[in-house]
Amino acid sequence: MKTLQSAVVVVCCLALQPVAQTPSQPSAHGKSAESPGVIALKQDMRKLWTDHVVWTRDYIVAAIGDQPDAQAAANRLMKNQEDIGNAIAIYYGAPAGQDLTILLKEHITIAVDVVKAAKAGDQAAQQQAERQWQQNATAIADFLSKANPNWPRQTLVDLMQKHLSTTTSEVVARLNKDWDADVRAFDAVHEHVLHMADALSEGIVKQFPNKFTGPSPS
């Protein structure tokens, strides 16, 4: 297996500056419709994480195929981690955003080691790097769960672990040149990351409800 010099997750952090106005009106079914601010947050969070898996795939394809654009894709992934950190900083402050960025960049750095070991056929080094990758994912879950009580630790651990496993499946399929499995794997990666993005958005809305009662910010 030749796993990724990937990222986990997150680009183009659009400024989320909620404007508190009137609550959203009930829908025709009697439930409160999501305010424009909530919709904007979910769209922006999905954009960040979609870019994350798209650029991860771009890197995987380039690295496995020994293409010259692999480093450019890796650089773009690093920028994505900064964008995710900046998105979190809007609600939790700049230091928190910087700490998350460090954890996410560490995620990428460890993934580089996984790929190198896999290419070299060094199973011991690969297993060690994969253990570090799992530990990093748990550290990210711990960090986020402490910031928001609506992000249960175990839920985040499960989300992060599935993100790693779906990405690994994508890499393995490509290494094996199983193109149908490769396509299915990316579909699974994308579907899961959208679920993860929505879970993060919903936790923010629950923690800061007053920030999402007005129209979408510019």
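What follows draws every value from the coordinates through simple rules; no lab data is involved. Because the structure is predicted, anything quoted here is derived from the model rather than measured. Using ideal geometry, Cβ is built from the backbone for each residue, glycine included, and neighbour counts are taken over all protein chains shown.
Points worth noting:
- For the listed residue pairs K47/K177; K42/K162; K79/K177; K47/K79; K79/K116, the alpha carbons are over 24 angstrom apart in K47/K177; K79/K177.
- Packing rank of 98-110, 163-175, 64-76, where each peptide gets the mean count of other beta carbons within 10 Å, highest leading: 163-175, 98-110, 64-76
- With the alpha-carbon atoms of the stretch 36-210 aligned to their principal axes, the span from lowest to highest coordinate is 52, 30, 27 Å, starting with the largest.
- Using a simple spin-label model with pseudo-atoms 7 Å out from Cα toward Cβ, H195 and Q128 lie 3.4 nm apart.
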